[in-house]
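Notes to accompany the following structure.
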Ligand SMILES: C[S@@+](CC[C@H](N)C(=O)[O-])C[C@H]1O[C@@H](n2cnc3c(N)ncnc32)[C@H](O)[C@@H]1O
């Protein structure tokens, strides 16, 4: 290796350097150039999602903007693992990152021979506006990836201004999960304009707030979105959505906007699509006033497209990606949960509540619930939880029965 300050790493198809002193740090802003091996699943799924998108939406020329590339590993993997790439913008605001991206591209023998590669050292919003300025002569990007530290909120508007309006693919990560999951409700209201709720299913609420926010920013840019896949893993949410235009279609998608009602006394939960002023003041089940709360506005429609998940799963099967097994599990749960009502029940917590010493297997609980004629599935948001259309008291009785 030429440079003693760098260390060589490998991830899926690609090799890359990171700074040696960064390897001893917990991944954070304080690194010379950011790299987090816990985000490999994000990069694996992004490569798979881009290939699935190119196939399903028949995109034979991809123009991708990796607006926050850090070491460049994500862009490099896309260049080596994804088909149909015509142009790749690789950008980061950190000049050290840009130097490393240059070296990492050379290391992987990637140059302008087979595709156009443009490396830039800019604020992502400036990059988007400059690409927009040239997009009369150039092809508009059909894929934009936003992968910031914390919230993506301030980058989404300028990204929608430049992305291809028909069948563009917006890929957005949020790592401010404490905000979206309701630990810091005022920050969520300020950054995402919605009220979160710190419930047992706060991860799903957070994902739905993020999708709603993306959708509303699309709306002010004369666009709408179809959520293709939104997943939670470890400490982040990543959302892939398809962009469309057309006033009628946009208006139709308003049916996906609403609220979630939650009663902390009896566990009642429901979606609510009407005017916020008409949100009930007391729980319709236990009649308590002070225990009924709400989250929203948020996205209450489907958060995945099944064909998209199927294509990703098929591609994953034929891959040798580091997170192949985790992706298989995560996406099969995502397929099942898509047809279920909003929210989930954490079985471990429930067993603690009803003071049951040993926890029944989730698969046994699910089959008993299904035998009784209810819907039931796992959820990718929480591997210890189930989704179902039955109410909390019935679920508790089933668990007590199973225990006997
Ligand atoms: C979480 S890291 C990205 C990780 C990368 N996508 C990967 O897969 O390894 C966030 C990156 O965004 C960069 N960044 C932060 N603010 C930015 C901005 N306003 N414009 C462009 N890049 C920015 C940081 O320098 C950092 O490298």
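The values are calculated or read from the model by the stated rules, or taken from the named source; none is laboratory data. Keep in mind the model is a prediction, meaning the values are calculated, not measured. Using ideal geometry, Cβ is built from the backbone for each residue, glycine included, and neighbour counts are taken over all protein chains shown.
When you check residue 350 against the structure, is it in contact with a helix residue (DSSP H, G or I) (Cβ under 8 Å, 6 or more places away or on another chain), under 25 Å from residue 271 (Cβ atoms) and part of a helix (DSSP H, G or I), yes or no?
Criteria met by residue 350.
Can you find even one residue in segment 249-257 that is farther than 22 Å from residue 163 by Cβ and either out of contact with any strand residue (DSSP E or B) (no Cβ under 7 Å at 6 or more places or on another chain) or in contact (Cβ under 8 Å) with a residue 24 or more places away in the chain (or both)?
Within segment 249-257, one or more residues are farther than 22 Å from residue 163 by Cβ and either out of contact with any strand residue (DSSP E or B) (no Cβ under 7 Å at 6 or more places or on another chain) or in contact (Cβ under 8 Å) with a residue 24 or more places away in the chain (or both).
Select from segment 355-371 the residues that are surrounded by 12 or more Cβ atoms within 10 Å (Cβ to Cβ) and in a loop (DSSP other than H, G, I, E, B) and write down the one among them that is farthest from the chain's Cα centre (by Cα).
356
Looking for something within 17 Å of the chain's Cα centre (by Cα), in a strand (DSSP E or B) and modelled with pLDDT of 95 or more - is there at least one such residue anywhere in segment 308-318?
So far as segment 308-318 goes, no, none of its residues is within 17 Å of the chain's Cα centre (by Cα), in a strand (DSSP E or B) and modelled with pLDDT of 95 or more.
Of the residues in segment 116-131, how many are within 10 Å of the ligand (Cβ to nearest atom) and out of contact with any helix residue (DSSP H, G or I) (no Cβ under 8 Å at 6 or more places or on another chain)?
Qualifying residue count, segment 116-131: 3.
Only residues that are in contact (Cβ under 8 Å) with a residue 40 or more places away in the chain and part of a helix (DSSP H, G or I): list them for segment 283-307, please.
Within segment 283-307, 307 is the sole residue that qualifies.
When you scan segment 119-131, do you find a residue that is assigned to a strand (DSSP E or B), within 18 Å of residue 77 (Cβ to Cβ) and at pLDDT 95 or above, even just one?
yes
Evaluate segment 268-282: report whether one residue or more is touching a helix residue (DSSP H, G or I) at 6+ places or on another chain (Cβ under 8 Å), in contact (Cβ under 8 Å) with a residue 40 or more places away in the chain and surrounded by 17 or more Cβ atoms within 10 Å (Cβ to Cβ).
Yes, the conditions are met somewhere in segment 268-282.
Scan the helices (runs of 4 or more DSSP H) fully inside segment 146-216 and keep the ones with 2 or more residues being more than 13 Å from the ligand (Cβ to nearest atom), under 20 Å from residue 379 (Cα atoms) and in contact (Cβ under 8 Å) with a residue 12 or more places away in the chain.
The qualifying helices (runs of 4 or more DSSP H) are 177-180.
If you scan segment 132-145, which residues turn out to be in a loop (DSSP other than H, G, I, E, B) and either at pLDDT 95 or above or within 16 Å of the ligand (Cβ to nearest atom) (or both)?
Listed by number, the residues that qualify are 141, 142.
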